[in-house]
1. Please report, largest first and rounded to whole Å, the three semi-axes of the ellipsoid equivalent to the chain, where each semi-axis is the square root of five times an eigenvalue of the C-alpha gyration tensor.
2. Just to be sure I understand: with springs between alpha-carbon atoms less than 10 Å apart, which residue in Lys198, Lys224, Lys112 has the highest mean-square fluctuation in the Gaussian network model of the chain?
3. 5 Å is the cut-off here: which amide hydrogens, built 1.01 Å from N in the peptide plane, fall below it relative to Ala147, excluding neighbours closer than 5 in sequence?
4. Does anyone have the angle between helix 69-83 and the longest principal axis of the chain? Alpha-carbon axes, 0 to 90°, nearest 10?
5. Post the alpha-carbon centroid distance, the range 229-298 to the range 34-48, in whole angstrom.
6. So for the pair Phe176, Glu287, with labels modelled 7 Å out along Cα→Cβ, what separation do we get in nm?
7. In the chain, what % of DSSP beta bridges are antiparallel (nearest 5)?
8. Show me, for the range 138-150, the HN-Hα J-couplings you get by feeding each phi into the Karplus relation (A = 6.51, B = -1.76, C = 1.60, θ = phi - 60°), rounded to Hz, glycine and proline as x.
Amino acid sequence: MNRKSGFVALLGRPNVGKSTLLNRIVRAKVAIVTRKPQTTRDRIAGILTETRGQIVFLDSPGIHKPTRALNSHMVRTACRIGEEADIVAHVIDDRPIGKGAEDAMVRGILEKIAVPRILVVNKIDRMGRTAADAVRKALARDDFYAASFLVSATKGDGVEAFLTALFARLPEGPAFYPEEDLTDLPMRFIAKEVIREKLFEGLDEEIPYSIAVRIDEFREEPEKNLIRIRAEILVERESQKGIVIGKRGAFLKKVGTAARLELEKETGARVFLELFVVVERDWSRSESMLRHLGYEPV
């Protein structure tokens, strides 16, 4: 059997479950997942390799109306991801699709993409198959989508049918990555994301969106089976610094412990993790700071 290969972009509004779907497909935690929208800020690749071939899935930031330089970067990143894919999967959830700003933005981006578009209705475990199928039929009436599917990223329902359709549409070709690879992300990047995930999980309101993580040191010591990581947590206000540190350092310690345990599980090595909180006023609105943090605004 000739093996297939290609790139599939996962696009959609914030919090529709793109990252959860990516993790389900590759059977590993490649992308961080939280209940808060706009968690994903970068291009996250998850690699599925099997007998049918290899698909590189590209998770993307949720498409939303930008209010800061950081948000603009996220939307531009989503657009670029769509442009580099062989197939685009438009992921939606149980929230109504209407004529709001985000829906219009998503539609506008999808219309400019020349490759096949596939509609994926996610969270059918929450909305019910009948209701989900009604949404699918309503949106797939014209030829805008090449196909449409109902899935539950959390439970796995419908994912295999989705994958079968992707392999059927992708061209024959060699694998892009070694069979054992699940992502092209370096562990230094993964460490930054894990720390940010633990911060998002424990903070309320707008504070998570004013936080960035910068890895100052990532040093592996194989002879000791040890990884040393020093990271700075950037916030935009002095008041936010106090919240992130917590009373007598309790919250920062909790974040550090949770991140360390997950990184040790991921790497199989002992991890020595140091976290520091730094005030970088209005960093999310500064294009020079975004470049410094690796977000590369254009």
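1. 33, 23, 17
2. Among Lys198, Lys224, Lys112, the largest GNM mean-square fluctuation belongs to Lys224.
3. Those lying under 5 Å, H to H, from Ala147 are Leu119.
4. 40 degrees
5. 18 Å
6. About 2.8 nm, to one decimal.
7. Of the beta bridges lying entirely in the chain, close to 35 percent run antiparallel.
8. The phi angles translate into 5, 8, 9, 6, 9, 9, 5, 9, 6, 6, 9, 9, 9 Hz.
Quick note: the coordinates plus some simple rules give every number you see, no bench work behind them. Remember, it's a predicted structure, so these values are computed and weren't measured experimentally. Ideal geometry is used to build each Cβ from the backbone, glycine not excepted, and the neighbour counts take in all protein chains shown.
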